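As structure tokens, the structure follows; a few thoughts come after it.
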Amino acid sequence: MSIPTFGLGTFRLTGQAVIDSVKSALALGYRVIDTAQIYKNEAEVGQAIAESGVPRSELFITTKIWVDNYAADKLIPSLRDSLNKLRTDYVDLLLIHWPAPGNGVELREYMTALAEAKKLGLTRHIGVSNFNIELTRQAIDAVGEGEIATNQIELSPYLQNDKLTAYLKEQGITVTSYMTLAYGKVLKDPVLAEIAAKHKATVAQVALAWALQLGYAVIPSSTKRENLASNLLARGLKLDADDMARIATLERNGREVSPDGLAPAWD
């Protein structure tokens with residue numbers, strides 16, 4: 001199961017900003033677009049894709065089901081609504097956005113509905129986001145081994161999530177890293193700055209290359225065309241063993257996102 005390793009995130013981008021970001025990214029060669037129902041930008045993403053002229057067959061589109069739509073009678077209708085907004089018959093990857101323990105819908109119910117969406121051809125792949133080890137185990141149990149394509153998790157040089165990433169690797173589940181730049185905090189890191197200077201690269205490129213080199217997929221976002229172009233160059237940056245070892249020492253459990261009622265007990 002192949003999840004593309006480099007894409008465009010659209011979190012916090014709305015209106016004309018997201019239209020411009022997606023169109024710029026597609027013009028630069030991006031072919032992976034990540035959105036979500038709660039981002040409230042699926043219609044604008046769909047508009048940008050339509051106006052870009054890039055054939056649907058070349059694109060890999062991800063969206064995520066929001067917690068209000070987890071019930072068996074709501075998940076697929078909400079996905080159809082998302083597809084209308086995105087102007088497509090299917091998404092390539094559909095994720096459960098947060099485990100939301102205690103929101104009244106059992107994990108097995110929403111994972112079963114997610115699997116049904118795949119059977120109906122409304123999505124090519126299914127996965128989860130922000131799941132810990134135990135909840136990922138339960139998700140595998142609900143839909144079967146080999147069905148979960150990815151767990152999209154917050155991950156950066158400051159939050160390396162070693163236990164969870166090791167477990168996902170063991171299970172053959174791709175790690176998708178979001179917030180790889182820790183809301184821009186890593187851009188000021190002196191260790192990363194030294195590594196960047198050594199390679200004549202930017203700090204953002206170093207952080208993204210680090211994640212790519214560990215086998216993760218990344219979905220950085222930007223409203224600036226020059227940053228979108230610069231981020232793409234991370235794919236060609238090769239860090240050496242010393243660089244990777246130095247970045248490993250930056251771990252500080254620096255989690256940026258953990259909303260009450262949505263987040264699990266983190267590993």
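The values are calculated or read from the model by the stated rules, or taken from the named source; none is laboratory data. Note that this is a predicted model, so its numbers are computed, not measured. Glycine also receives a Cβ, built like all others from the backbone with ideal geometry; neighbour counts cover every protein chain displayed. Protein only, heavy atoms only, side chains kept; ligands, DNA and RNA dropped before computing areas. Shrake-Rupley method; radii C 1.70, N 1.55, O 1.52, S 1.80 Å.
Quick notes
- Residue 261 passes every criterion in (1) open to solvent by 20 Å² or more (accessible area, probe 1.4 Å); (2) assigned to a helix (DSSP H, G or I); (3) out of contact with any strand residue (DSSP E or B) (no Cβ under 9 Å at 6 or more places or on another chain); (4) more than 19 Å from residue 11 (Cα to Cα) apart from (2).
- Where a residue in the stretch 152-170 is among the charged types (D, E, K, R) and its partner, wherever it lies, is open to solvent by less than 50 Å² (accessible area, probe 1.4 Å), with Cβ under 6 Å and at least six apart: 154/178; 154/179; 154/257
- Condition broken by residue 222, with the remaining ones in (1) among the polar types (S, T, N, Q); (2) in contact with a helix residue (DSSP H, G or I) (Cβ under 9 Å, 6 or more places away or on another chain); (3) surrounded by fewer than 21 Cβ atoms within 10 Å (Cβ to Cβ); (4) in a helix (DSSP H, G or I) satisfied: (4)
- Boolean, residue 64 is at pLDDT 95 or above, under 24 Å from residue 259 (Cβ atoms), among the basic types (Lys, Arg) and in contact with a helix residue (DSSP H, G or I) (Cβ under 6 Å, 6 or more places away or on another chain): no
- Residue in the stretch 41-62 that is surrounded by fewer than 16 Cβ atoms within 10 Å (Cβ to Cβ), touching a residue at least 12 places away in the same chain (Cβ under 8 Å), of a type outside the set (Phe, Trp, Tyr) and on the phi > 0 side of the Ramachandran plot present: no
- Residue check for residue 251: surrounded by 14 or more Cβ atoms within 10 Å (Cβ to Cβ) and either assigned to a helix (DSSP H, G or I) or over 18 Å from the mean Cα position of the chain (by Cα) (or both): yes
- Test result for residue 167, farther than 28 Å from residue 253 by Cβ and either at pLDDT 95 or above or assigned to a strand (DSSP E or B) (or both): no
- Note on the stretch 101-152: residues that are at pLDDT below 95 and on the phi > 0 side of the Ramachandran plot amount to 2.
- Matching entry among 72, 100 (being part of a loop (DSSP other than H, G, I, E, B) and open to solvent by less than 10 Å² (accessible area, probe 1.4 Å)): 100
- Note on the stretch 1-18: among residues that are surrounded by 21 or more Cβ atoms within 10 Å (Cβ to Cβ) and at pLDDT 95 or above, the one that is nearest to residue 226 (Cα to Cα) is 8.
- Residue satisfying condition, being under 23 Å from residue 153 (Cβ atoms) and out of contact with any strand residue (DSSP E or B) (no Cβ under 6 Å at 6 or more places or on another chain), within set 80, 87, 56, 108: 108
- Count of the stretch 195-209 residues, restricted to those that are on the phi > 0 side of the Ramachandran plot and in contact with a Pro (Cβ under 9 Å, 6 or more places away or on another chain), is 0.
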